[in-house]
Amino acid sequence: MILKEMLKKIGNFLGIVCLALIPTLLVWLPFLLRSKSFWNIPLPQDGLATIVANYDGPLYLVVAKTLYNKQAIAANFQFPLPLEYYAAHFPLFPALIRLVGFITNLGYSMLAVTAASSILAIAYFKKFISQYVDKKEVLWLTFVFAIFPARWLTVRSVGSPEPLFLASVIASVYFFQNKKYLKAGVWGAIAQLTKSPGILLFVAYLAILAIPPIKKLATTHHKNWFKEIEFKAFPILLIPLALLSIFVIYRFTLGDFWAYFHSGDNIHLLFPPFQIFNYSSPWVGTFWLEEVIFIYLLGISGFISLIKQKQRTLAIFVGVFFASTLFVSHRDILRYSLPIMPFLLAAFSKHLVTKEFKIAFVFLIIPIYLFSLAYISQNVMPIANWGPLL
């Protein structure tokens, strides 16, 4: 019986590994083969270097190599960026790259960390989504998450912190839902150490915890509303403490506690909302933006659906994160929206397991793949000298 259970767990884990790695390997394949084109899409002839050079991977390699040392950055790297710009690249992902870099060069190390993080993200998504659909549909929705949206497939097929960020966000929310607050706080801290929007987890958790006592206070004159406060949730304070630790690191490495806020044109939150439609903004630069409306539609529809389903934790997190994206002035709005996508899949799960959707999704596999090839082939940083990065 124990052996059978162990074999089942191994089989499940191998299934997750396959879902994580096979799509990525298929995306890499035309580049590894140095194909001149695929499906008439022209491809670069630089092999795996094209994958490693995709934005913002090389910038994380700089941090992994220098640990934010200004003199080392200035002396060895010629990217036309102010030295403060690297403060926008939070330390956990480059720290892991450096750690694995003791085994191989930093470029391959970055891809290995991204791939491992993708496995982790998909594993936690499977654990999370199993709460919302029949057991027989869990694998299907995990497959959907493995490649959809297409922007998710691209970021986890190159060197990027997004897989680690999504893995930690999903894990944190999963444990918070189940009142395992220490694990929620630890994973929330990992999310914060990975990317700056991690602090939104803390904001969402505060809102979730504040609602019951506020409701009690509004409906009673007695002091028993105080009992509604979930004091056991104090480990979520690990999230702002993680952010504070990053600022302390910047104080000692960059000489500026507030370096993140002085990182130049890298914080894309602007007022009033919907500034993404200002085509003259430096990180927008086009009026071909109609698909942004569909992204907003998906986000607000999922938020309303979660409210109707009485999924308070998911609804508040999606609401907080979605609200922040309304102020993002950046053409790549879908990448900023990726953290809410796992929870939107839960919101729409009843529709996503229907026969009609399954047929439609199978049809989308080819365009998702072609988009990934086209995007990765064009999203490449120009690198004249690879030596300092490896």
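No lab work stands behind these numbers, since they all come straight from the coordinates. Computed from a predicted model, the values in this text were never measured in an experiment. No Cβ is skipped: glycine too gets one built from the backbone with ideal geometry, and neighbour counts run over all protein chains shown.
Pull out a ≥ b ≥ c, the square roots of the eigenvalues of the alpha-carbon gyration tensor of region 132-197, then state rounded if a/c is under 1.5, prolate if not and a/b is larger than b/c, and oblate in the remaining case. Oblate is the answer for region 132-197, as a/c is 1.5 or above yet b/c matches or exceeds a/b.
Here the Karplus relation 6.51 cos²θ - 1.76 cosθ + 1.60, evaluated at θ = phi - 60°, turns the backbone of region 199-204 into coupling constants of 5, 5, 4, 5, 4, 5 Hz, with x for every Gly and Pro. Here the 3J(HN,Hα) profile of region 160-173, calculated from phi with Karplus coefficients 6.51, -1.76 and 1.60 at θ = phi - 60°, is 7, x, 4, x, 5, 5, 5, 4, 6, 5, 4, 4, 4, 5 Hz, Gly and Pro shown as x. Comparing Ile293, Ile97, Ile365 in a Gaussian network model of the chain, where Cα atoms under 10 Å apart are tied by springs, the biggest mean-square fluctuation is seen for Ile293. Pairs from the list Lys216/Lys310; Lys180/Lys308; Lys36/Lys358; Lys126/Lys355; Lys126/Lys358; Lys4/Lys358 with a Cα-Cα gap above 27 Å: Lys36/Lys358; Lys4/Lys358. Each peptide in 299-308, 163-172 was scored by the mean count of other Cβ atoms within 10 Å over its residues; highest first, the order is 163-172, 299-308. Eigenvalues of the alpha-carbon gyration tensor of region 72-172, scaled by 5 and square-rooted, set the equivalent ellipsoid semi-axes at 32, 13, 12 angstrom, largest first.
Put simply, the C-alpha atoms of the chain give a gyration tensor, and the ellipsoid matching it has half-axes of 33, 28, 22 Å, longest first. Between Phe257 and Leu29, the modelled labels are 5.4 nm apart [label points 7 Å from Cα along Cα→Cβ].
The distance between label points at Ile300 and Ile214 comes to 2.1 nm (points 7 Å beyond Cα on the Cα→Cβ vector). Length gained on full extension, Trp386 to Arg312, computed as 0.36 nm times the residue gap minus the Cα-Cα distance: 21.8 nm. As an exercise, use a Förster radius of 30 Å and the Cβ-Cβ distance of Leu99 and Phe234 to find the FRET efficiency, rounded to the nearest 0.05. It comes to 0.50. Here is the P(r) of region 268-353: all C-alpha pair distances, binned every 10 Å from 0, give 18, 47, 25, 9, 0 in whole percents.
Taking a Cβ cut-off of under 13 Å around Pro82, the surrounding Lys, Arg, Asp and Glu residues balance to a net charge of -2, with basic ones at +1 and acidic ones at -1. Calculated FRET efficiency, Glu290 to Lys8, Cβ-Cβ distance, R0 = 51 Å: about 0.65 to the nearest 0.05. In plain terms, the chain from Cys18 to Phe348 could stretch by 116.3 nm, reckoned as 0.36 nm per residue minus the Cα-Cα distance.
Sorting the segments 23-29, 87-93 by their mean number of nearby beta carbons within 10 angstrom, highest to lowest, gives 87-93, 23-29. Our estimate of slack between Asn278 and Glu356, defined as 0.36 nm per intervening residue step minus the Cα-Cα distance, is 24.4 nm.
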